[in-house]
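One structure is given here, and the rest of the page talks about it.
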Amino acid sequence: MTTIQHVKNIHEMLRSATCQLHERVELINPLSKKEPSLEDYFFYLSAFLHLIEPIENNLSKFYVNFSFPKSDQSIKRSILLKNDLENLGMFQNIEFKSVIKTPIIFSAANAVGVLYVLEGSNLGGQFLYKKLKSLHGNKITHSLSFLYGNGFDTFKYWKEFLTFIQDYSDQHPSEIEIIIQSAIDTFECFEQMFLQNKN
């Protein structure tokens, strides 16, 4: 019989390891401005699309082995981004000042670390959704699907994801360092995306 070792709370470990990076990313996120413009929103959506689409493609092969509930909004973020850009009438190629780097996803542990950042970003998306809707109202009513994500169910999905990563780390304690490093790498990709390509 296999004995599963219960490790320290993986969420706390990840949050501690990434908190400074997370704060830096929040500071340079164009939607963190007091009153982000529609141009800021267009840049945000375009940059996210360039970052998330290749990540989604690399994550897809690992989903089948992951037990947490996965909504369409979580699996198909790039489709939501494209729809929002099209509804804004702005779905066109944007020229970035540098190539947007993506995190390496060679293993399930890499995927778990990357997903920690993506799933967590859905929580912030709820705040940004309300902020943009309040600022720009009817101009973007049909262009907020990415930020809205799972809506009222967002926190429920997040709690279920946290249960999954705790179970995964209990079962694979030797992979914890890889999970944490992949989360750090993902935040660094977000930071590079905003820093090197800001308007």
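The values are calculated or read from the model by the stated rules, or taken from the named source; none is laboratory data. Bear in mind the structure is a predicted one, so any value in this text is a computation, not a measurement. All Cβ positions, even for glycine, are placed from backbone atoms using ideal geometry, and neighbour counts span all protein chains on display.
Between Ile55, Ile28, Ile105, which is within 23 Å of Gly151 (Cβ to Cβ), β-branched (Val, Ile, Thr) and at pLDDT 90 or above?
On the way: Ile28 fails: within 23 Å of Gly151 (Cβ to Cβ); Ile105 fails: within 23 Å of Gly151 (Cβ to Cβ).
Selected residue: Ile55, the only one of Ile55, Ile28, Ile105 that is within 23 Å of Gly151 (Cβ to Cβ), β-branched (Val, Ile, Thr) and at pLDDT 90 or above.
Check Lys70 against each of (1) closer than 22 Å to Lys156 by Cα; (2) of a type in the set (Lys, Arg); (3) outside any loop (DSSP other than H, G, I, E, B) and name the one condition it does not meet.
(3)
Scanning region 72-97 for residues that are of a type in the set (Lys, Arg) and out of contact with any helix residue (DSSP H, G or I) (no Cβ under 6 Å at 6 or more places or on another chain), which turns out modelled with the lowest pLDDT? Please lay out each step first, then the result.
Just the residues of region 72-97 that are of a type in the set (Lys, Arg), to begin with: 76-77, 82, 97.
Filter once more, so that each one left must be out of contact with any helix residue (DSSP H, G or I) (no Cβ under 6 Å at 6 or more places or on another chain): 76, 82.
On the way: Lys76: 85, Lys82: 91.
That would be Lys76.
Any residue in region 134-143 that is surrounded by 22 or more Cβ atoms within 10 Å (Cβ to Cβ), more than 17 Å from Glu53 (Cβ to Cβ) and of a type outside the set (Asp, Glu)? Quick ask: steps written out before the conclusion?
Initial filter on region 134-143 (surrounded by 22 or more Cβ atoms within 10 Å (Cβ to Cβ)): 143.
Subsequent filtering for residues that are more than 17 Å from Glu53 (Cβ to Cβ) retains 143.
This time we only want the ones that are of a type outside the set (Asp, Glu), so: 143.
For region 134-143, residues surrounded by 22 or more Cβ atoms within 10 Å (Cβ to Cβ), more than 17 Å from Glu53 (Cβ to Cβ) and of a type outside the set (Asp, Glu): present.
For region 131-147, does any single residue satisfy the condition of being in a helix (DSSP H, G or I), touching a residue at least 40 places away in the same chain (Cβ under 8 Å), of a type in the set (Gly, Ala, Ser) and in contact with a Pro (Cβ under 9 Å, 6 or more places away or on another chain)?
No, because not a single residue in region 131-147 is in a helix (DSSP H, G or I), touching a residue at least 40 places away in the same chain (Cβ under 8 Å), of a type in the set (Gly, Ala, Ser) and in contact with a Pro (Cβ under 9 Å, 6 or more places away or on another chain).
Quick one: in region 6-21, which of the residues that are touching a helix residue (DSSP H, G or I) at 6+ places or on another chain (Cβ under 6 Å) and part of a helix (DSSP H, G or I) is surrounded by the fewest Cβ atoms within 10 Å (Cβ to Cβ)? If you could, list the steps in order and put the result at the bottom.
Step one: list which residues in region 6-21 are touching a helix residue (DSSP H, G or I) at 6+ places or on another chain (Cβ under 6 Å), which gives 6-7, 10-11, 14, 17-18, 21.
From what is left, the residues that are part of a helix (DSSP H, G or I) are 10-11, 14, 17-18, 21.
Values: Ile10: 21, His11: 16, Leu14: 24, Ala17: 18, Thr18: 21, Leu21: 18.
Per the criteria, the residue is His11.
Looking at Asp167, is it among the charged types (D, E, K, R), part of a helix (DSSP H, G or I), surrounded by fewer than 22 Cβ atoms within 10 Å (Cβ to Cβ) and in contact with a Gly (Cβ under 9 Å, 6 or more places away or on another chain)? Don't jump to the end; show me each part of the working.
Values: among the charged types (D, E, K, R): yes; part of a helix (DSSP H, G or I): yes; surrounded by fewer than 22 Cβ atoms within 10 Å (Cβ to Cβ): yes; in contact with a Gly (Cβ under 9 Å, 6 or more places away or on another chain): no.
When the stated conditions are applied, Asp167 does not pass them.
Table: residues versus (1) farther than 27 Å from Lys34 by Cα; (2) surrounded by fewer than 18 Cβ atoms within 10 Å (Cβ to Cβ).
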{"position": "Val99", "(1), (2)": "yes, yes"}
{"position": "Ala111", "(1), (2)": "yes, no"}
{"position": "Lys131", "(1), (2)": "no, yes"}
{"position": "Leu147", "(1), (2)": "no, no"}
{"position": "Gln171", "(1), (2)": "yes, yes"}
{"position": "Ile176", "(1), (2)": "yes, no"}
{"position": "Met193", "(1), (2)": "no, no"}
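Among the residues of region 25-47, what is the count of those that are farther than 24 Å from Ala109 by Cβ and surrounded by 15 or more Cβ atoms within 10 Å (Cβ to Cβ)? Before you say what the answer is, go through the steps one by one.
Going through region 25-47, the residues farther than 24 Å from Ala109 by Cβ turn out to be 26-47.
In the following step, the residues that additionally are surrounded by 15 or more Cβ atoms within 10 Å (Cβ to Cβ) were identified as 29-32, 36, 38, 40-47.
The number of residues fulfilling the criteria is 14.
Would you pick out the residues in region 170-193 that are over 23 Å from Val25 (Cβ atoms) and either outside any helix (DSSP H, G or I) or of a type in the set (Gly, Ala, Ser) (or both)?
His172, Ser174
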